[in-house]
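Engineer: Could you have a look at this structure, given as structure tokens, before my questions?
The values are calculated or read from the model by the stated rules, or taken from the named source; none is laboratory data. Everything numeric here is computed off the predicted structure, so don't read it as measured data. Note that each Cβ is placed from the backbone with ideal geometry, even for glycine, and that neighbours are counted across all protein chains shown.
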Amino acid sequence: MIHHRKAIGSGAIEVVCGPMFSGKTEELIRRLRLAKIAKQKVQIFKPAVDNRYETECITSHTEQKFACTPIREPKEILEQLIDNTRVIGIDEVQFFSEELVEVCEKLANRGLRVIVAGLDQDYLGQPFGPMPQLLAIADDAAKLKAVCMVCGGEATKSQRLTRETDQVVVGAEKHYEARCRSCFDPELEMSGLKMEAKVTQEGEWKASGGTASK
Ligand code: ADP
Ligand code: MG
Ligand code: ZN
């Protein structure tokens with residue numbers, strides 16, 4: 001158990017979560033940019049497993065970038081911490097172990113502002129990695145929404161378009177799309193192959209990459 005002591009400055013844990021393409025990395029980058037404008041020393045980390053785009057940057061789908069340090073384990077954040085750092089940004093936190101929760105709490109109790117971004121749910125709609133704990137202990141939490149690629153509604157789910165069953169399939173953005181709760185199909189019953197078959201049957205539906213439009 002971590003004891004709460006009076007911190008220098010106001011430490012906090014901020015969570016930015018939601019499905020893929022909901023703008024989590026954009027929002028993280030926006031908050032970090034503002035911190036830099038406020039002349040606060042910022043350090044950014046991400047799991048080394050995530051080797052999409054460049055390894056030394058966090059990158060949004062719109063190609064916005066921010067230099068960062070890839071790490072394998074949460075404790076490396078404490079090891080790499082620089083003395084006068086005020087703000088810590090961590091992207092793709094769903095890939096870390098629950099050890100991250102303790103690390104974030106330690107940093108916040110020391111008076112640092114910790115901003116974490118990541119998926120709240122995996123491709124089955126289940127809580128992902130340390131995110132449930134982080135959401136529970138957060139001082140502030142934002143659930144962002146994407147656009148559902150089937151109906152155009154508000155998407156809260158990440159639909160996997162292939163039949164792989166590993167929880168983590170990285171570097172395969174094109175194998176996912178954002179969907180709302182009613183269009184979300186974790187069993188892939190309506191999507192992919194079966195959807196194509198159904199589409200051909202019904203004739204009036206056109207499928208392109210698992211997306212149907214009237
Ligand atoms: P995340 O980190 O949540 O995966 P990014 O910050 O990398 O998201 O990218 C968000 C951007 O992705 C949006 O601003 C938009 O330009 C683009 N985008 C692509 N597909 C979608 C979608 N289905 N819904 C919303 N934004 C999308
Ligand atoms: Mg992202
Ligand atoms: Zn939908």
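Engineer: Among the numbered conditions (1) away from ligand 1 (no atom under 16 Å from the Cβ); (2) in contact with a Lys or Arg (Cβ under 9 Å, 6 or more places away or on another chain); (3) within 19 Å of residue 58 (Cα to Cα), tell me where residue 76 comes up short.
Structural biologist: (2)
Engineer: Within the range 2-32, how many residues turn out to be modelled with pLDDT of 95 or more and more than 8 Å from ligand 1 (Cβ to nearest atom)?
Structural biologist: 10
Engineer: So which residues in the range 10-30 are buried (at least 19 other Cβ atoms within 10 Å of the Cβ) and farther than 22 Å from residue 149 by Cβ?
Structural biologist: 11, 13, 14, 15, 28, 29 - these are the residues of the range 10-30 that are buried (at least 19 other Cβ atoms within 10 Å of the Cβ) and farther than 22 Å from residue 149 by Cβ.
Engineer: Moving on to the next point. Quick check: is even one residue across the range 125-138 within 16 Å of ligand 3 (Cβ to nearest atom) and in the same structural domain as residue 188 (by TED's automatic domain parsing)?
Structural biologist: Quick first cut of the range 125-138, residues within 16 Å of ligand 3 (Cβ to nearest atom) only: 125.
Right, trim to in the same structural domain as residue 188 (by TED's automatic domain parsing) and you get none.
Taking every residue of the range 125-138 in turn, none turns out to be within 16 Å of ligand 3 (Cβ to nearest atom) and in the same structural domain as residue 188 (by TED's automatic domain parsing).
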